[in-house]
Structure formats: C-alpha cells, structure tokens
Amino acid sequence: MANILVIAEHDDGQLKLATLAAVAFAKQVAAEAGGSFDILVIGDKVGGTAEPLRNHGAASVLVADHALLKRPVADKYAQVIAEVAKQRGSTMVVGAASTFSKDILPRAAALLDAGMLSDVVDVRREGDDFIFKRVLFAGNAIATVKLEGAVKFLTVRAAAFAHPPKGSEASPVEVVAVAAERLTAFIEYVGREMKVAGRPDSTEARVVVSGGRAIKNPEDFERLIGGLADVLGGAVGSSRALVDSGITPNSLQVGQTGKIVAPDLYIAVGISGAIQHLAGMKDTKVIVAINKDVDAPIFEVADFGLVGDAYQVVPELIGKLKR
Ligand SMILES: Cc1cc2nc3c(=O)[nH]c(=O)nc-3n(C[C@H](O)[C@H](O)[C@H](O)COP(=O)(O)OP(=O)(O)OC[C@H]3O[C@@H](n4cnc5c(N)ncnc54)[C@H](O)[C@@H]3O)c2cc1C
C-alpha cells in the first residue's frame with residue numbers, strides 16, 4: 001500500500017501550479033497500488049494556500065504553519081518534511097521538479113537515510129514495487145530505474161503528469177504541530193532580489209515567448225519578445241546566448257542550466273535549437289519557431305515554423321494579433 005506525502009510549493013502563499021503534477025503522480029500511484037496521499041503545505045499563514053488543494057482526493061491537506069517557516073529555508077523545511085514523513089509512515093515523498101525541491105528534498109531524504117530520484121516522467125507498478133523513468137543528459141536519455149528502501153523521495157517533471165481535475169469532495173485540513181524554534185538553523189535567510197516583471201513566471205505560464213541571439217539589445221528584446229508575450233498574455237524567456245551577452249537576466253534563461261518550462265505554446269524567436277536549450281522546453285505542447293535559417297535545428301522539433309527575419313515578422317505578428 002502506498003502512503004504518499006506530496007510537498008506543495010508556493011511563493012509567499014501563492015500556490016505553484018507545478019504542485020498539481022506531483023498531486024497527479026500521487027493519485028496515479030495510490031490508484032495503482034492502493035493507499036492514499038496527503039499534501040503538506042509549509043509556511044507562515046498558509047491556510048489559504050491549502051484551500052485550492054482540498055479538491056484533489058488527498059486523505060488530508062497538512063499545514064505546517066509557523067512564523068519561522070515564512071521563507072523556504074532548506075534546512076528547516078527539510079527537517080519539517082522528514083519529521084512529518086516519519087510521523088505519518090510515508091512510503092513516498094514527492095514534489096514537482098523545481099529549484100525549490102532540488103534544494104530541499106535531497107536534504108529531507110538524507111535525514112531519513114532514504115534514496116531519491118529526480119526528474120521522474122513515468123511510473124508503473126511491478127509486483128509490490130515500482131519502476132520509474134527519469135530523464136538524464138538534458139533529456140537525451142531516459143533511464144528506467146528502481147529505488148530501494150522503505151521511503152522513496154522523488155521529484156516529477158511537471159509536463160509528464162497532467163493536472164488532475166478538481167473533485168467535489170473537500171479533503172480535511174489538518175494542522176501539523178511544529179516546534180520550529182527547536183529546528184536547527186544552519187542557513188539564514190537574508191533577502192531575495194526580484195525584478196518586478198509584471199509578466200507571469202515562465203515555469204507557470206501557458207504561453208512563453210523566448211528570444212535568442214538574433215535579438216541585438218535589451219530594447220529590441222522588450223519590444224519584440226516582450227511585445228509578443230504581452231499580446232498573448234505570456235511570459236518571456238531567453239536562450240543562454242542572450243544571457244551571456246548581458247541582454248537578458250539569468251532568471252530568463254530556459255534550458256539545461258536554466259528553467260525547465262512546459263507551456264501550452266512556446267515561441268522560439270531567433271533561437272537555433274541547441275540541445276541544451278531544447279532540454280528546457282521540449283515538453284511544450286505546441287512549439288513555434290521563427291528563424292531566418294531554414295536549416296536551423298529548432299525546426300526539427302517545431303510544430304509550426306516561420307522562416308523569416310525576426311525584426312520584420314515579429315512586429316507584423318504583434319500587429320495582427322492586436323487587431
Ligand atoms: C553545459 C552547457 C549548458 C548550456 N545551457 C544552456 C541553457 O540552459 N540554455 C540555452 O539556451 N543554452 C545553453 N547552452 C548554450 C547552447 O549550447 C547554445 O549555445 C545556445 O542555446 C545558443 O543560443 P541561440 O540559439 O540564441 O544562439 P545561436 O545558436 O547563435 O542561434 C541564433 C539563431 O538565430 C537565427 N537568427 C539570427 N538572426 C536572425 C533574425 N534576424 N531573425 C530570425 N532568426 C535569426 C540564426 O539563424 C540562428 O539559428 C549551454 C551550453 C553548455 C555547453
């Protein structure tokens with residue numbers, strides 16, 4: 001019987017949609033193996049964050065609420081997760097593959113002496129155990145693996161598990177007692193620098209427009225890439241070439257060493273399609289490529305291609321979409 005603990009991810013109380021991929025994974029495993037899953041929300045005054053998670057079939061939505069847990073500081077969160085997993089006898093602890101879970105879940109796994117698999121894209125039952133598929137080498141290889149141990153920690157790729165529809169029954173909310181002042185604190189939260197973009201985060205958005213080396217300066221990036229994203233209500237992203245040349249900030253980079261995005265629509269403007277870039281966006285539902293080179297590798301993965309000069313076709317596209 002599976003007893004799964006799903007770790008909810010949020011940004012200052014705002015639920016990250018990728019959490020629903022981890023919920024979908026837990027639902028699938030619980031349905032196949034028998035058993036149930038709980039969802040754990042950690043933070044400060046996060047009762048409201050728990051609410052939208054109540055209609056997904058969890059046995060309970062657990063809330064670990066404490067002022068000292070306001071920021072997702074890895075050592076404290078890992079201890080809370082390990083403690084809750086131990087108390088509830090969890091057999092699996094799962095989160096969405098993200099920077100948050102990369103930072104926190106391996107530490108929680110280590111505290112329980114448990115094994116961990118990241119970037120899981122598929123799971124199937126085999127006897128009393130499970131076989132997992134996970135992506136390796138920037139998405140160029142898929143490993144089929146088993147994970148030993150009584151407790152398994154996993155992160156799942158958001159695009160691999162479709163968000164579950166909401167049910168009508170509401171799971172109970174249960175407050176988990178946290179003696180947060182007793183948690184060891186090796187890490188001190190100093191602050192966070194955020195650029196107020198006014199646009200959605202590319203890992204959450206349904207549409208992402210990304211620019212590559214074709215874009216010559218920050219003003220053109222804002223006008224062409226930002227302009228196209230705005231008419232589509234989307235987020236912006238960029239290739240590493242633009243980050244390296246100082247045209248876009250690091251936070252916009254999509255790819256192996258940047259963000260992994262899986263929107264409904266990804267528009268790559270002046271991006272050649274290097275494997276390291278594809279690793280960050282190839283789970284997209286529909287890929288559109290705009291490139292002046294008809295032989296650019298991006299066209300091999302694109303569902304729709306437009307061969308042309310970005311400086312000419314993007315303003316035209318923005319104009320037409322506005323009309
Ligand atoms: C370890 C490692 C990790 C990496 N991680 C990442 C990563 O996370 N993300 C990432 O993106 N890259 C990453 N890279 C870099 C990657 O290999 C490529 O160098 C990079 O993605 C290229 O960016 P680009 O497509 O914008 O530029 P280019 O490869 O130079 O392509 C530019 C494209 O624009 C087209 N073009 C030029 N002018 C126009 C125009 N006016 N109109 C239309 N099209 C035009 C060209 O035909 C060309 O196809 C990594 C590399 C390494 C070694």
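The values are calculated or read from the model by the stated rules, or taken from the named source; none is laboratory data. What you see is a predicted model; the values in this text were computed from it and never measured. Cβ coordinates were reconstructed from backbone atoms using ideal geometry, including for glycine residues, and neighbour counts include every protein chain displayed. Please note that ligands, DNA and RNA were not included when accessible areas were found on the heavy atoms of the full protein model with its side chains. Shrake-Rupley method; radii C 1.70, N 1.55, O 1.52, S 1.80 Å.
Considering region 281-299 alone, what residues qualify as being within 12 Å of the ligand (Cβ to nearest atom), open to solvent by 30 Å² or more (accessible area, probe 1.4 Å) and either in contact with an Asp or Glu (Cβ under 9 Å, 6 or more places away or on another chain) or not in a loop (DSSP other than H, G, I, E, B) (or both)?
Lys292, Phe299 - these are the residues of region 281-299 that are within 12 Å of the ligand (Cβ to nearest atom), open to solvent by 30 Å² or more (accessible area, probe 1.4 Å) and either in contact with an Asp or Glu (Cβ under 9 Å, 6 or more places away or on another chain) or not in a loop (DSSP other than H, G, I, E, B) (or both).
Looking only at region 13-34, decide whether some residue is surrounded by 16 or more Cβ atoms within 10 Å (Cβ to Cβ), touching a residue at least 40 places away in the same chain (Cβ under 8 Å) and in a strand (DSSP E or B).
no
I'm checking my understanding of the structure. Among residues of region 212-239 that are in contact with a strand residue (DSSP E or B) (Cβ under 7 Å, 6 or more places away or on another chain), under 21 Å from Tyr311 (Cβ atoms) and open to solvent by 20 Å² or more (accessible area, probe 1.4 Å), which one is farthest from the ligand (Cβ to nearest atom)?
Taking the candidates together, the pick is Leu232.
Do we find a residue being open to solvent by less than 30 Å² (accessible area, probe 1.4 Å), more than 8 Å from the ligand (Cβ to nearest atom) and without any contact (Cβ under 8 Å) to a residue 40 or more places away in the chain anywhere in region 249-269?
no
So, in region 40-72, how many residues would count as being touching a residue at least 40 places away in the same chain (Cβ under 8 Å) and in a strand (DSSP E or B)?
Qualifying residue count, region 40-72: 7.
Residues in region 99-113: is at least one aliphatic (A, V, I, L, M), surrounded by 19 or more Cβ atoms within 10 Å (Cβ to Cβ) and in a loop (DSSP other than H, G, I, E, B)?
There is at least one residue in region 99-113 that is aliphatic (A, V, I, L, M), surrounded by 19 or more Cβ atoms within 10 Å (Cβ to Cβ) and in a loop (DSSP other than H, G, I, E, B).
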